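The block underneath contains the structure these notes are about, expressed in structure tokens.
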Amino acid sequence: MQQRTTTDRKQEASPAPSTGRPVRQLAPFTAALSGSDGLGLQLHSFCETLYPIQRSLTGPGVDATLTHLATRIPLKRMSIASGTPVFDWTVPDVWQCDEAFIENERGERIVDASRHGLHLVGYSRPVDRWMPRDDLLRHVHTLPDQPGLIPYRTTYYADSWGFCMTNETAAALPEGRYRAVVRSRLEPGELVWGEYVHEGTTDHEVLLTTHICHPWLANDNCSGLAVLTTLAALLRGRKTRLTYRFLFAPGTIGALCWLSRNEHRLDRIVAGLSLSCLGDAGGPTYKRSRRGNTTVDRAAVLALSENFPEATIEDFSPYGYDERQYCSPGFDLPFGSLQRSRWGKFPEYHTSADDLDFIKPAELERSLRLLASTLDIIDGDWTPISLCQKGEPQLGRRGLYAATGGDPSAAERNMAMLWVLNLADGRHSLVAMAERSRLPFQRLAEAADLLSNADLLTPRPD
């Protein structure tokens, strides 16, 4: 008689015994999104609210943005005084601009920052001067290769001023005198950021960050603000294993301020992600942490392989967004970066073309679901040890071996249990099992939960 292999023999199904052990909550992030209709439209509407706010490193635009976020999650505001040394940096004074424009001798305004926030170079010092056209153009930034677009420029740490306009407008300026006016002020104050903490059953922490300083740019970074705030709001009331810290801070200096205030607790961080540019149809793009093979790196790759097989995976480089601060050698945290189109690689990047028409509701939702899948893998990962390592345990009498007839997913479920049992030697986490078996992580997590509930697995002591 021909022998049947484990995967093709049918075992008589019987009810699984009840151990009284609580079932592990699987995929809490994806579960949080279920039943939420119209997520993409909600995300895009949130971006519409945030888009016209004149944000910078400091000032009323940051305050207004945090106020909007706080209508959705219980955001805690943190601050640090200007002039405070932060590692090799100093917290800047608070910048505020009431008006900025260029007018000709007839009083016609050539550009006006109230019409488009990118017209003014961020952190421009005050000025009110008449000057000839050529002198004015020394303070004007354009994009000759994209003549119809306004660039985004800043002068955070230099005593300077400037305007941005389309190259078409600059090239058409006739000879004559022009008045440049920037009614701004720099004053001592505070740099402010916002945090929301979702408490897990452990104090091991995942840090999720997005920058809050860019004005009038929809993809970079209204999309990141909307996606991260929405995820935090939907997660409230759900049980997670890990603790999740949602951080909304100005780029670079905000991350450094947070790190300076939290050095004593960085050993709790088991994973981190810097999020930006989540609303366009490109990518996705994942940049690995400095270490290159941490749990967040492996989880992101697994989630992308299941949802976006066309995704780009990049090795770490010390340039980009705030991940480079968290990955600096003195911290070397397990911190990656997730985007759709990579920063600097899409034509709309840091231009007036990065508007509300550029980001799409469907892509915002896809980015949110990708983030949820990645976090589900991080939260659900654990390392099991089999309690029956000499041969396979008999799954049929425990009601765990599904009959093959009429159930197209039965074979994959059976294989997931067999992979988990075989690799449950205390050296393979569920992430490692997913990488080796090429089965979906959640399928393996479900199998491990069933096997654990049947007293066939136990967690490896940490």
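The values are calculated or read from the model by the stated rules, or taken from the named source; none is laboratory data. These numbers were taken from a predicted model, which means no experiment stands behind them. Reconstructed Cβ throughout: ideal geometry from the backbone, glycine too, with neighbour counts over all protein chains shown. Protein only, heavy atoms only, side chains kept; ligands, DNA and RNA dropped before computing areas. Shrake-Rupley method; radii C 1.70, N 1.55, O 1.52, S 1.80 Å.
At a glance:
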| item | result |
| --- | --- |
| Of all residues in segment 411-460 being surrounded by 18 or more Cβ atoms within 10 Å (Cβ to Cβ), within 13 Å of E392 (Cβ to Cβ) and not aliphatic (A, V, I, L, M), the one that is farthest from the chain's Cα centre (by Cα) | N414 |
| Sole residue being of a type outside the set (D, E, K, R) and open to solvent by 10 Å² or more (accessible area, probe 1.4 Å), chosen from V270, V182, V227, V206 | V270 |
| Residue within segment 167-176 that is open to solvent by 20 Å² or more (accessible area, probe 1.4 Å), among the hydroxyl-bearing types (S, T, Y), within 30 Å of K76 (Cβ to Cβ) and out of contact with any strand residue (DSSP E or B) (no Cβ under 6 Å at 6 or more places or on another chain) present | no |
| Pairs with Cβ under 9 Å, 6+ apart, first in segment 416-443 and closer than 11 Å to I377 by Cα, second among the hydrophobic types (A, V, I, L, M, F, W, C) and surrounded by fewer than 16 Cβ atoms within 10 Å (Cβ to Cβ) | Q442/L26 |
| Answer residue from segment 194-230, given it is among the aliphatic types (A, V, I, L, M) and in contact with a strand residue (DSSP E or B) (Cβ under 8 Å, 6 or more places away or on another chain) and is nearest to L75 (Cα to Cα) among those | V197 |
| Residue count, segment 88-113 (criterion: out of contact with any Asp or Glu (no Cβ under 7 Å at 6 or more places or on another chain) and free of Cβ contacts under 8 Å to residues at least 60 places away in the same chain) | 8 |
| Any hit, segment 299-317, residues being in contact with a strand residue (DSSP E or B) (Cβ under 7 Å, 6 or more places away or on another chain), open to solvent by less than 40 Å² (accessible area, probe 1.4 Å) and of a type in the set (S, T, N, Q) | no |
| Total residues in segment 37-72, condition of a type outside the set (S, T, N, Q), open to solvent by 30 Å² or more (accessible area, probe 1.4 Å) and touching a residue at least 40 places away in the same chain (Cβ under 8 Å) | 6 |
| Residue satisfying condition, being surrounded by fewer than 24 Cβ atoms within 10 Å (Cβ to Cβ) and under 30 Å from R109 (Cβ atoms), within set T155, T243, T201, T252 | T155 |
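Conditions tested, residue by residue: (1) at pLDDT 95 or above; (2) in contact with a strand residue (DSSP E or B) (Cβ under 8 Å, 6 or more places away or on another chain).
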{"residue": "P384", "(1), (2)": "yes, yes"}
{"residue": "K390", "(1), (2)": "no, no"}
{"residue": "L423", "(1), (2)": "yes, no"}
{"residue": "A434", "(1), (2)": "yes, no"}
